[in-house]
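The structure appears right after this line, and notes come after that.
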Amino acid sequence: MFLVYLWNYIRGYVIIVVTGKSIERFINICSRRQILLWDIERKDHESAVMKASLRGFRHMRPAAKKSACRVRIVKKCGFPFVLARLRKRRGFKIGFAIFVFLFLISTSIIWEIEITGCKPEQVPGIMKILENERVKRGRFKMGLDPKKIAQEIVMQVDGIAWAGVEIRGVKLTVSIEDSISVPKLIQSNQPYNIVAERDGLIVKMEVYAGNALVKEGDTVRKGQLLVSGKIENQRPDLGGDFGSKEVHALGRVIARTWYESSLPVSMEYTQRIKTGNEHKTVYLKFLDEKIKLPGKKIPFEIYETSSYDKILTGPFGIKLPIGLTIEKSFEIIENKIDLTLDEAKSIAEETVRQKLAQRLPPDSRIVDEKINFFESDSGQMYIQIVIECEEDIAGFEPVIE
Amino acid sequence: MKRRIYRIKRESSKEPGPSLGEKLARIFEIPEDVVGSHPRVTAIGRGEVLVENFKGIMDFKDGMIRISTNNGVIKITGTNLKIREITSEEMIIGGKISNIDYDA
């Protein structure tokens, strides 16, 4: 029923009063002539109130004449009449023109840029190219060449196999396909040496090809030649017409290596505790610009902040460029705690261990671990951890003549 | 005037018996309102009566509406009667209905 009402409103209708002796006849003629009437109510025995469509009202005159009735309009309802009223107002016309103009402009601007499919470390490079091409939010779409931008990205950013730039509506999408970076090839038919990748004490050597220059128990420095790809003729006196032969050295060199890290032991420990007090700073965000809204200053001495955006969402989930950025500041109290010697030591040990763990190669095996504490001349205590492990230190390098 | 003559003719030719279409409908057991020009009166609750296949309104007064059909006159009485909608095929009568009478 509501839909019918809405439809009638859009089409426009009039409320009329029909006066006459034979209103039934008037209704019959109207219905036969496809003039739609509805909500007919008898007022008294000489008149009736009814509603008629605009089109129907225009064709009503013959019916009224035939039935000797008089038709009078009480009220004009519906959208066409509203429109007619608005048409007279100049302000509305101007407003409508402005609306159309703004709408056209805003749809020809890029409001959103999306980069998909690439590694996080490639994003700055891509952003820079976009910047060079003067592509940013708020730019007009006109004069933009997606193919050219895509080409620039492929040419200038490493590790990208294919890039596609697409403008869909007000959104510019850069889709990236990474190429897998080519692993360093070790060509088995070319002469290679084995050199030490790290300082260490050789524990075990397995040489499958090449001329070993060091033996078990030797200490080697980083970069030292361990197995040469050049095989000299050991017994020239036995003949054989080759002086030397070049092979691809192959082998495993297990060595004992040491990793060391030290740190001063602090007898104080600062504990950061959130007090639970928080303060909000609100920024109005338009595109990438931020405008601070008036508000109190942050009343805390030490605080941590985290911010999040509240972006207005239009119909169909379109993100509008206007929104709020809310920065929440949390008050923090720094508590300095005096530690006992044991506590201080264990905390220092923990931090040193973490530092060392990052440096250890993944295929190493920890053999031994030593923790030393010593005091410097000024009385500051230091912790030193030495980790001893076994690992393969063979590194391949081409023979350079 | 021409129109009046036509009307009389049609009524007189219809009166004697059921039309060919109605006969066929009876044979093939098709509901008569589909083929024939019999009125179809549908009352929904107490507040709405839908009349199809009517010829015209004969009387429309405050508490009474008389509708002429091929089967005679249907009289609908009630309070606050109004014609919600009227086209050449059907009309919807609203209000608080108390009677639907035939041949009145």
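The values are calculated or read from the model by the stated rules, or taken from the named source; none is laboratory data. Owing to the predicted nature of the structure, the values given are computational and were not obtained by experimental measurement. Ideal geometry is used to build each Cβ from the backbone, glycine not excepted, and the neighbour counts take in all protein chains shown.
Points to keep in mind about this one:
- Residues in the stretch A:363-380 that are assigned to a loop (DSSP other than H, G, I, E, B) and in contact with a Phe, Trp or Tyr (Cβ under 8 Å, 6 or more places away or on another chain): A:376 alone.
- Subset tally (residues that are surrounded by 13 or more Cβ atoms within 10 Å (Cβ to Cβ) and not in a helix (DSSP H, G or I)) for the stretch A:128-159: 9
Yes or no, residue by residue, for (1) of a type in the set (D, E, K, R); (2) not assigned by TED's automatic domain parsing to the domain that holds residue A:293:
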| residue | (1), (2) |
| --- | --- |
| A:326 | no, no |
| A:329 | no, no |
| A:344 | no, yes |
| A:347 | no, yes |
| A:350 | yes, yes |
| A:353 | yes, yes |
| A:357 | no, yes |
| A:360 | no, yes |
| A:364 | no, yes |
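- Contact map, the stretch B:89-103: first residue within 14 Å of another protein chain (Cβ to nearest Cβ), second residue of a type in the set (Lys, Arg), Cβ cut-off under 6 Å, separation 6 or more or different chains; pairs are B:92/B:84; B:94/B:82; B:94/B:84; B:95/B:82.
- Qualifying residue in the stretch A:63-76 (condition: in a helix (DSSP H, G or I), away from chain B (no Cβ under 13 Å) and closer than 30 Å to residue A:177 by Cβ): no
- Flag for residue A:97 being assigned to a helix (DSSP H, G or I) and at pLDDT 90 or above: yes
- Those strands (runs of 3 or more DSSP E) of the stretch A:245-306 in which at least 2 residues are in contact (Cβ under 8 Å) with a residue 60 or more places away in the chain, considering only elements entirely within it, cover A:250-264, A:268-286.
- Test: residue in the stretch A:212-226 that is over 21 Å from residue A:248 (Cα atoms) and at pLDDT below 85: no
- There is no residue in the stretch A:100-107 that is more than 30 Å from residue A:49 (Cβ to Cβ), of a type in the set (Ser, Thr, Tyr) and not in a helix (DSSP H, G or I).
- Residues of the stretch A:15-62 satisfying the condition of being more than 7 Å from chain B (Cβ to nearest Cβ), aliphatic (A, V, I, L, M) and not in a strand (DSSP E or B): A:29, A:35, A:54, A:60
Rundown of residues vs (1) at pLDDT 90 or above; (2) buried (at least 18 other Cβ atoms within 10 Å of the Cβ), yes/no style:
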{"position": "A:13", "(1), (2)": "yes, yes"}
{"position": "A:18", "(1), (2)": "yes, yes"}
{"position": "A:22", "(1), (2)": "no, no"}
{"position": "A:43", "(1), (2)": "no, no"}
{"position": "A:50", "(1), (2)": "yes, yes"}
{"position": "A:71", "(1), (2)": "yes, yes"}
{"position": "A:76", "(1), (2)": "yes, no"}
{"position": "A:85", "(1), (2)": "no, no"}
{"position": "A:88", "(1), (2)": "no, no"}
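- Residue in the stretch A:76-88 that is more than 30 Å from residue A:52 (Cα to Cα) and among the charged types (D, E, K, R) present: no
- Inside the stretch B:65-88, residues that are facing chain A (nearest Cβ under 9 Å) and out of contact with any strand residue (DSSP E or B) (no Cβ under 6 Å at 6 or more places or on another chain) make up a count of 2.
- Filtered residues of the stretch A:273-331 (kept if of a type in the set (Gly, Ala, Ser) and in contact with a Ser or Thr (Cβ under 8 Å, 6 or more places away or on another chain)): A:295, A:307, A:329
- Any hit, the stretch A:383-395, residues being surrounded by 12 or more Cβ atoms within 10 Å (Cβ to Cβ) and in a loop (DSSP other than H, G, I, E, B): yes
- Scope the stretch A:144-171; condition modelled with pLDDT under 80 and on the phi > 0 side of the Ramachandran plot; matching residues: A:159
- Meets criteria (hydrophobic (A, V, I, L, M, F, W, C) and either more than 14 Å from chain B (Cβ to nearest Cβ) or within 30 Å of residue A:171 (Cα to Cα) (or both)) for residue A:96: yes
- Flag if residue A:125 is part of a loop (DSSP other than H, G, I, E, B) and free of Cβ contacts under 8 Å to residues at least 40 places away in the same chain: no
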